[in-house]
């Protein structure tokens, strides 16, 4: 049974509380309206694909739109925990929203499984026994890009990211693995759409490659302008700017670019093949990275529910930690801080007919754990 | 003879090529009504604005009570005791008549160094209310005290303008066409009132109603194209050939 | 006057009754919603002093809302992490005591309002709207890149701050705190509107010339109003951050300024209880429409539009008619 | 830093300024003639970009896409003017702010409903893609040069329209005195619709031109809207000349500030910190510029009294 929106809170009071004792209630807060809605829609669709396929009538999912506003995410979380008494929460896309919601949610005894954001604080000092990250720690894809740059023999990178915490983490992550020189390091304005000035600096810098982290529309703008500028240094980026959802908007400008990801649709395992086919059949588009993360999150929850009731927190937690489900990434396991230890691949943007997509060309990091695990006392 | 309350020395103000004030000098002595007349566009309003502080002159000097106020703003001049009424009503239209008068009383209190309260209900402040009611009574607006200002007739608004000026207990008045829109009986009443008022403080009066001007004014200055062409008593002005020429065909001097 | 007074009392009672009822039903989230209404109404009451009474259309009040929020976030995070905020002239380790946080929030936002107001009030009309917007944007971009306090990620504090004698984590008790502050502020705003200062400020909105002619300085009146207005909005910001146990640059964005302004206009500009009505209706709409469609903002937009075009004077104006003169 | 790089950055600032001018011209015209603050101007920019992307995807022609952007934005502008905006002319600024804020919500979510949540694709046409070599050895994207040229041509056309044509006379008369144009026997409501649609079309064109090198997505108009307001406030509201000067000033300040401030700070700081602090200050720079201009000239550079 699924209820997409709980309409009037006031009416749904006591009756549910009685009937719900055998049910597991999952609260999903994600971004479904405004500029960043594409990511939330994918996470939701991937998640619900798995839930519906399981066909369990004792799992109920409540979905709410956070409008990408931390304040409204916090309030929805309060409502889900206090009023709808959810057992498990998930869905948040952005690190700043996760930082606003997760600590309070886990402190109130709710499990939180992150399908996307992985801020370093939650992986390190502020890790929590009820917090699991199913996607990655924020630095991971950037670290893989740094490692790939070494493998590819790049010696003089120009790196840029927006001037906000995730941007700084990204460049820090890249530099952690990368061994060469830096031709330049630029922080751009958050939400910037014109990169002519930065591209001119890249041109003048004498770099042999470019690494950038510019999520969403910023990345589209950068890539189009870069392709048009005549600068033809190799570009490396994290998967976010080459993901299925926005790749069509970038178009041919992205062809051939290397990007790092823990998942791709051509990873060859039964779960992934079925996932890609089912997702396309149901929604009429190729699944994205975010959809795969939503799908894995749901399957992890379902696998744990098969072993333990969520009301038995210790048993349920142990079942989550075991992570015995068929991940579309292949092997999947958690580190001590409940973040994935996984392979991160290098992909290349290709064209299949009319559609732009990725194929895996190398493995950037193998069984990689994040840099903050040692700070977590768990 | 006592010193003038207001002295204007060689005031000049141009707007582009237009000389709105061209070397204007005049004064206002205690106890007198000094009327300023002239055809439309002669620069009367511009002159009044410079005296009250709303416009800065290009050259010249203005003294109030012997002090040079040329560089002071409207507020400072008002606090020195310059009470002004406007040609185009500038009252707070959403307020009641009484509230407008209380505002004036408040200004007077502030000028004496009092503070504006943040908590006490100003409409229950008896000292302010007394001043306000007294001024309203003097211009005959007492019965309309609770009316909304926007609902007043034009004539009543002029009366209220005068009443607000009265609450300030000014040392001199600047009145810009207080008779306009009053009707025959109204102007007659106001004429009588101003006649008495001059003993409280002298009045620089800009007025189109020539009956009132010649009935009231101790002295009259005639402004034409920004220049004072004559100053003198009513009789002197009536017979001045230059004035007659300037007014020929404009208005009949009686 | 009589009718509006009855209406106002009914609004306050409703704001009090809904969470009490929800408390009885054990529906803490409704209490949280009511708390949000009370806090946003407080921010609106602050803006309304500048906007309604003073006629100062500030599109930068998010600056004060955010400063209040950051005052809370900074004091509380230092207290939680045992990192001294400063050690000279005396050692100060931050604080998790609400009264002290409120004091700092009020002082900090008042100081900011003094500076921003003194510069902005040199302009008027559309230019004033835009220069206040510019100051808000400056602070917004500053907060985004101020990594010491979380930048874009914002600052999360894990537990709500403390209030002597109360358990603020209990929704109904925290609601009581905000409700009392709202009531006190409404009382203060009512006194202010009737005071000599309020009369002069309101006159300055209607006719600048008039106020100058009676010897009062409009600039000083407006600056004072702007400072009081900013301080109240700052206090609301501190409470809002405490409600969410979180502060981020979003509080400083121009959307926040727009929303606070919408509360005021929706309820009725210059109406004492306008912001309360506006905030309550806005929050209610947000939650009811949010359940109907993913595209609920279209409906919100249409409703707002209809309100502006056909219900002049805001909701209270539409319900109760033209405001009578203060007396 | 080489001279070539500086010149290239100046060109970039110029191009950014020209784009801003297309946005700001409509905004300032609408304010000057009708006295209206239109927050929904950014939504018309978005409409232009989406129309261009849709038509380009459909026909493959960039020229048709640009024409579609003009037509769609003008039509949307005229529709909004007739149904909503004309009821706002005699309202105060507050009502205008609220109503046009509501229009933003309607346009944004309506566009998302029609086109979905994902960005659309719009590319530079092949005959304008790639860089060209300018005299002095500057390698510069042809498309950006084209934007500068198109913007300047449109700007010149606008000045001509206002200075030389009958409609221009009516617009100028309308700025001076609304009753006067009625006395001239002009149908005011038609003129207003026309001016609004003209402003909308310019915004739509800007959206389409920029859409080809940026991302065509919901909400793309808002950052530009704020910048356009900064521009017209700096230039003086209602003045086309002010909009041009303001746009170039903002474009150059933003671009050059972003490039040079971090370098300036790197003299006294370590590179990573300098990059971060410099970038922070650069993002505040145009607002600082605007506040400074208004402090010296409270009605902007070319503004009369507001």
For the stretch C:57-98, which residues satisfy the criterion of being assigned to a loop (DSSP other than H, G, I, E, B) and modelled with pLDDT of 95 or more?
C:61
Show me the helices (runs of 4 or more DSSP H) found entirely inside the stretch C:213-313 where at least 3 residues are crowded, with 24+ Cβ neighbours inside 10 Å.
C:218-244, C:254-267, C:274-292
From the list A:159, A:267, A:246, exactly one residue is more than 26 Å from residue D:277 (Cα to Cα), at pLDDT 90 or above and either crowded, with 24+ Cβ neighbours inside 10 Å or under 18 Å from the mean Cα position of the chain (by Cα) (or both). Which is it?
A:267
In the set B:138, B:110, which member is part of a helix (DSSP H, G or I) and touching a helix residue (DSSP H, G or I) at 6+ places or on another chain (Cβ under 7 Å)?
B:138
Identify, by number, the condition in (1) buried (at least 24 other Cβ atoms within 10 Å of the Cβ); (2) out of contact with any strand residue (DSSP E or B) (no Cβ under 7 Å at 6 or more places or on another chain) that residue D:53 doesn't meet.
(2)
Please tell me if residue B:28 is out of contact with any helix residue (DSSP H, G or I) (no Cβ under 7 Å at 6 or more places or on another chain), at pLDDT 90 or above, buried (at least 23 other Cβ atoms within 10 Å of the Cβ) and assigned by TED's automatic domain parsing to the domain that holds residue B:208.
yes
Within the stretch D:29-43, can one find any residue that is more than 30 Å from residue D:88 (Cα to Cα), at pLDDT 90 or above and either within 12 Å of chain A (Cβ to nearest Cβ) or not in a helix (DSSP H, G or I) (or both)?
no
Looking at this structure, is residue D:76 touching a strand residue (DSSP E or B) at 6+ places or on another chain (Cβ under 8 Å), assigned to a helix (DSSP H, G or I) and surrounded by fewer than 24 Cβ atoms within 10 Å (Cβ to Cβ)?
no
Counting only residues that are more than 14 Å from chain C (Cβ to nearest Cβ) and in a strand (DSSP E or B), which one in the stretch B:56-76 is surrounded by the most Cβ atoms within 10 Å (Cβ to Cβ)?
B:62
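Matching residues to (1) in the same structural domain as residue B:151 (by TED's automatic domain parsing); (2) touching a strand residue (DSSP E or B) at 6+ places or on another chain (Cβ under 8 Å); (3) free of Cβ contacts under 8 Å to residues at least 60 places away in the same chain; (4) surrounded by fewer than 20 Cβ atoms within 10 Å (Cβ to Cβ):
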residue: B:104; (1), (2), (3), (4): yes, no, no, no
residue: B:114; (1), (2), (3), (4): yes, no, yes, yes
residue: B:127; (1), (2), (3), (4): yes, no, yes, yes
residue: B:131; (1), (2), (3), (4): yes, no, yes, no
Would you please list the contacts, defined by Cβ atoms under 7 Å and residues six or more apart or on different chains, that run from a residue in the stretch D:149-164 that is closer than 15 Å to residue D:198 by Cα to a residue that is surrounded by fewer than 17 Cβ atoms within 10 Å (Cβ to Cβ)?
D:161/D:167; D:161/D:168; D:162/D:168; D:162/D:172
Within the stretch A:174-190, is even one residue surrounded by fewer than 22 Cβ atoms within 10 Å (Cβ to Cβ), in a helix (DSSP H, G or I), free of Cβ contacts under 8 Å to residues at least 12 places away in the same chain and more than 19 Å from the chain's Cα centre (by Cα)?
no
When residues of the stretch A:94-109 are limited to those that are surrounded by fewer than 24 Cβ atoms within 10 Å (Cβ to Cβ) and more than 9 Å from chain C (Cβ to nearest Cβ), the one farthest from residue A:295 (Cα to Cα)
A:108
Failed condition for residue A:354, given (1) surrounded by fewer than 20 Cβ atoms within 10 Å (Cβ to Cβ); (2) under 29 Å from residue A:32 (Cβ atoms); (3) touching a residue at least 40 places away in the same chain (Cβ under 8 Å), with all others met?
(3)
Just to be sure before I move on: is residue D:122 part of a loop (DSSP other than H, G, I, E, B) and closer than 16 Å to residue A:225 by Cβ in the structure I sent?
yes
Looking only at the stretch C:37-59, how many residues end up being within 14 Å of chain A (Cβ to nearest Cβ) and surrounded by fewer than 24 Cβ atoms within 10 Å (Cβ to Cβ)?
0
Kindly indicate whether residue A:325 is assigned by TED's automatic domain parsing to the domain that holds residue A:28 and part of a loop (DSSP other than H, G, I, E, B).
yes
Under the condition of being more than 12 Å from every other protein chain (Cβ to nearest Cβ) and without any contact (Cβ under 8 Å) to a residue 60 or more places away in the chain, which residue from the stretch B:143-174 is farthest from the chain's Cα centre (by Cα)?
B:143
Run residue C:229 past the list (1) more than 9 Å from every other protein chain (Cβ to nearest Cβ); (2) more than 29 Å from residue B:98 (Cβ to Cβ) and report the number of the one that doesn't hold.
(2)
Considering only the stretch D:244-258, I want to know if a residue exists there that is without any contact (Cβ under 8 Å) to a residue 40 or more places away in the chain, in a helix (DSSP H, G or I), within 19 Å of the chain's Cα centre (by Cα) and within 7 Å of another protein chain (Cβ to nearest Cβ).
no
Just checking, how many residues over the stretch D:267-306 are assigned to a loop (DSSP other than H, G, I, E, B), more than 7 Å from every other protein chain (Cβ to nearest Cβ), out of contact with any helix residue (DSSP H, G or I) (no Cβ under 6 Å at 6 or more places or on another chain) and at pLDDT 85 or above?
1
Against the condition closer than 20 Å to residue D:272 by Cα, part of a loop (DSSP other than H, G, I, E, B) and touching a residue at least 40 places away in the same chain (Cβ under 8 Å), how does residue A:116 come out, does it pass?
no
Options C:146, C:88, C:158: the member that is without any contact (Cβ under 8 Å) to a residue 40 or more places away in the chain and within 13 Å of another protein chain (Cβ to nearest Cβ):
C:146
Quick check: anything in the stretch A:241-261 within 29 Å of residue A:338 (Cβ to Cβ), outside any loop (DSSP other than H, G, I, E, B), within 14 Å of chain D (Cβ to nearest Cβ) and free of Cβ contacts under 8 Å to residues at least 60 places away in the same chain?
yes
Selected residue (only one of C:252, C:285 is more than 8 Å from every other protein chain (Cβ to nearest Cβ), farther than 20 Å from residue C:12 by Cα and at pLDDT 85 or above):
C:252
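The values are calculated or read from the model by the stated rules, or taken from the named source; none is laboratory data. Fair warning: this is a prediction, and the values are worked out from it, not measured in the lab. In this analysis, Cβ positions are derived from the backbone assuming ideal geometry, glycine residues included, and neighbour counts consider all displayed protein chains.
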